[in-house]
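Read the structure below first, then the notes.
The values are calculated or read from the model by the stated rules, or taken from the named source; none is laboratory data. In this text, all values refer to a predicted model and were calculated from it rather than measured experimentally. Every residue, glycine as well, gets a Cβ built from its backbone with ideal geometry; the counts of neighbours run over all protein chains shown. Heavy atoms of the whole protein, side chains included, go into the accessibility calculation; ligands, DNA and RNA do not. Shrake-Rupley method; radii C 1.70, N 1.55, O 1.52, S 1.80 Å.
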Amino acid sequence: MPDDPIDISAIIVSYNTREMTLECLRTLHADLAGTRAEIFVVDNASTDNSADAIRDAFPHAIVIANTQNAGFGAANNQAMAQARGRHLLLLNSDAFVKPGAVQALVAYLDAHPKTAIAGPRLLNKDGSLQVSCFRYPSPGRAWCENLWLSTLFRTHGRMGDYRRWPHDREREVDWVIGACLLVRREAYARVGGFDERFFMYAEETDWQARIRDAGWKIAFTPAAQVTHLGGASGSAGPNPHFFESLDRYEYKHHGATGLISLRTAMTIGCSARLVLWLLMLILRPAKCELAMAKARLCAWLIKRQLTHWSVLMNPAERSVPS
């Protein structure tokens, strides 16, 4: 019945990932068996017939078919505005829940009323750990990372990070990547959804920072496990979208001074790395291909950090919406 209480509103954003989305839905549907749940799929104008295939295979799913690619955050906002569940499960189309994962996340939030978001242990396709917890970006952290201080003092409370942590116990963290998040409705109702200026990357970082600023906690639990394909592969080449989103986050949360500090730290760090990769190119010919790719990336980043200031130039970025 429409008025039945809903425990979980699951939301999947799809963009030209028909087969992965269908597999994601199959594993999710199996894990939600016996749970009062609703499933939304927001299709961002896919050209692979995703929306029709999803409707055919999962007629009870609520499919929102956009006529253009709205971006990850905006697409999730569309579904969250309609969702009725007491918890919102945000799941990437390339993320496949293991049996019991959703209930483990629910159990964690139910046991920790001050926690707004719980993230699971993410696994690569081969079963290896995928790092999913990170510190918030900041000018200070940029200097620590680019001067290798976070590597030298990896267990330090301020300078260290979660990269060497085996993700083997429950703990409060700064933020967890958005491949799979269980979100308390109360927190969403108080803070609102994603900032839609973030088209891709950093939108979940910004959202969790705002939720944390509102007094909530962000947590990780290894009791829930999810296989995530996206993090298992990465490109060594430039990713303009990532750095534009990082600029936007830094400007929003730390102002123009913070953004300039971050860009300075990255320029210095990339310059040092460029020298090291060029030395490797000379001294270790066997690593020529890797060294050349890394050197090109460093050179691209140095040029970008010195010349690309679109965030500061855009008047729309000067406002700081919630």
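Points to keep in mind about this one:
- Within the range 12-67, the set of residues being touching a helix residue (DSSP H, G or I) at 6+ places or on another chain (Cβ under 7 Å), open to solvent by 10 Å² or more (accessible area, probe 1.4 Å), in a helix (DSSP H, G or I) and not charged (D, E, K, R) comprises Leu22, Ala53, Ala57.
- Among residues that are open to solvent by 10 Å² or more (accessible area, probe 1.4 Å) and over 15 Å from the mean Cα position of the chain (by Cα), Arg169 is included.
- Residue that is surrounded by the most Cβ atoms within 10 Å (Cβ to Cβ) [pool: residues in the range 181-213 that are touching a helix residue (DSSP H, G or I) at 6+ places or on another chain (Cβ under 8 Å), within 20 Å of Ala111 (Cβ to Cβ) and of a type outside the set (Lys, Arg)]: Leu182
- In the range 236-253, the residues that are open to solvent by 50 Å² or more (accessible area, probe 1.4 Å), outside any loop (DSSP other than H, G, I, E, B) and farther than 16 Å from Asp195 by Cα: Pro240
- Residues that are among the acidic types (Asp, Glu) and closer than 15 Å to Cys180 by Cα, drawn from the range 69-112: Asp94
- All positions within the range 273-300 that are in contact (Cβ under 8 Å) with a residue 40 or more places away in the chain and buried (at least 17 other Cβ atoms within 10 Å of the Cβ): Lys294, Leu297
Yes/no matrix, rows are residues, columns are (1) in contact (Cβ under 8 Å) with a residue 40 or more places away in the chain; (2) more than 13 Å from Phe220 (Cβ to Cβ); (3) out of contact with any Asp or Glu (no Cβ under 6 Å at 6 or more places or on another chain):
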{"residue": "Ala111", "(1), (2), (3)": "no, yes, yes"}
{"residue": "Thr115", "(1), (2), (3)": "yes, no, yes"}
{"residue": "Gly119", "(1), (2), (3)": "yes, no, yes"}
{"residue": "Leu122", "(1), (2), (3)": "yes, no, yes"}
{"residue": "Lys125", "(1), (2), (3)": "yes, yes, yes"}
{"residue": "Ser128", "(1), (2), (3)": "no, yes, yes"}
{"residue": "Glu145", "(1), (2), (3)": "yes, yes, yes"}
{"residue": "Thr151", "(1), (2), (3)": "no, yes, yes"}
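- Scanning the range 254-272 for residues that are open to solvent by 50 Å² or more (accessible area, probe 1.4 Å) and under 26 Å from Ala295 (Cα atoms) yields Ile260, Thr264, Ile268.
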